[in-house]
Amino acid sequence: MNYKIVKAKTKDAEEILKIQKLAYQSEAERYNYYDIPPLKQTIEELKNQFKNNIILKAMSDGKVVGAVRAYEKNGTCYVGRLAVHPDMQNQGIGTALMQEIEKLYNPERYELFVGSKSDKNIYLYKKLGYNIYEKNKYECGDIEIFYMEKINKGF
């Protein structure tokens, strides 16, 4: 499976949003809650995120197959919306996107959050060195989320 990871541009927003909405369907189904922010995000909101986030995309055969975004604030790099096309999952794309986004920052720590029932995602993040440090409810009804962090040893 050939893919490459490059920095996304605003013109990629539509394709990225399409992948995001496809990828997050399974999350919505898992929690039986379809009002989660990744499914409600508009094209305008995503285009706006290009102002203060670095957004990476994974490309295969000229198509976007995955994406991730991050920004840094007060010594923390906030990573979000990792999404890989459902047909392309479990092939290393998510891992590669996470590794590439982390290379673009040198914070004291990285932070992300994940739904408590999202076992594959939790496994991926733990494999990449993230640990759960807080459990909370999110703006998605009664969904419990885990906040995960990774301390940057190279800081």
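Per-structure values
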read-out: All positions within segment 13-34 that are more than 15 Å from Arg81 (Cα to Cα) and acidic (Asp, Glu); value: Glu29
read-out: Any hit, segment 62-69, residues being within 19 Å of Leu39 (Cα to Cα), of a type outside the set (A, V, I, L, M, F, W, C) and touching a His at 6+ places or on another chain (Cβ under 7 Å); value: yes
read-out: Among (1) touching a residue at least 60 places away in the same chain (Cβ under 8 Å); (2) in contact with a helix residue (DSSP H, G or I) (Cβ under 6 Å, 6 or more places away or on another chain), the one test that Tyr24 misses; value: (1)
read-out: Scope segment 121-137; condition polar (S, T, N, Q) and modelled with pLDDT under 95; matching residues; value: Asn136
read-out: Tyr147 vs. criteria among the aromatic types (Phe, Trp, Tyr), over 12 Å from the mean Cα position of the chain (by Cα) and either surrounded by 14 or more Cβ atoms within 10 Å (Cβ to Cβ) or at pLDDT 95 or above (or both); value: yes
read-out: Residue ID - surrounded by the most Cβ atoms within 10 Å (Cβ to Cβ), chosen from residues in segment 92-144 that are acidic (Asp, Glu) and part of a strand (DSSP E or B); value: Glu111
read-out: Search result, residues across segment 69-84 that are under 14 Å from the mean Cα position of the chain (by Cα), surrounded by fewer than 19 Cβ atoms within 10 Å (Cβ to Cβ) and not small (Gly, Ala, Ser); value: Tyr71, Tyr78
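Yes/no matrix, rows are residues, columns are (1) of a type in the set (S, T, N, Q); (2) at pLDDT 95 or above; (3) touching a strand residue (DSSP E or B) at 6+ places or on another chain (Cβ under 6 Å); (4) farther than 19 Å from Gln91 by Cβ:
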{"site": "Ala13", "(1), (2), (3), (4)": "no, yes, no, yes"}
{"site": "Leu22", "(1), (2), (3), (4)": "no, yes, no, no"}
{"site": "Asn32", "(1), (2), (3), (4)": "yes, no, no, yes"}
{"site": "Pro37", "(1), (2), (3), (4)": "no, no, no, yes"}
{"site": "Gln41", "(1), (2), (3), (4)": "yes, yes, no, yes"}
{"site": "Ser60", "(1), (2), (3), (4)": "yes, yes, no, no"}
{"site": "Val64", "(1), (2), (3), (4)": "no, yes, yes, no"}
{"site": "Tyr78", "(1), (2), (3), (4)": "no, yes, yes, yes"}
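The values are calculated or read from the model by the stated rules, or taken from the named source; none is laboratory data. Please read these numbers as outputs of a predicted model, since none were measured by experiment. Because the Cβ atoms are built from the backbone with ideal geometry, glycine has one as well, and the counts that use them run over all protein chains shown.
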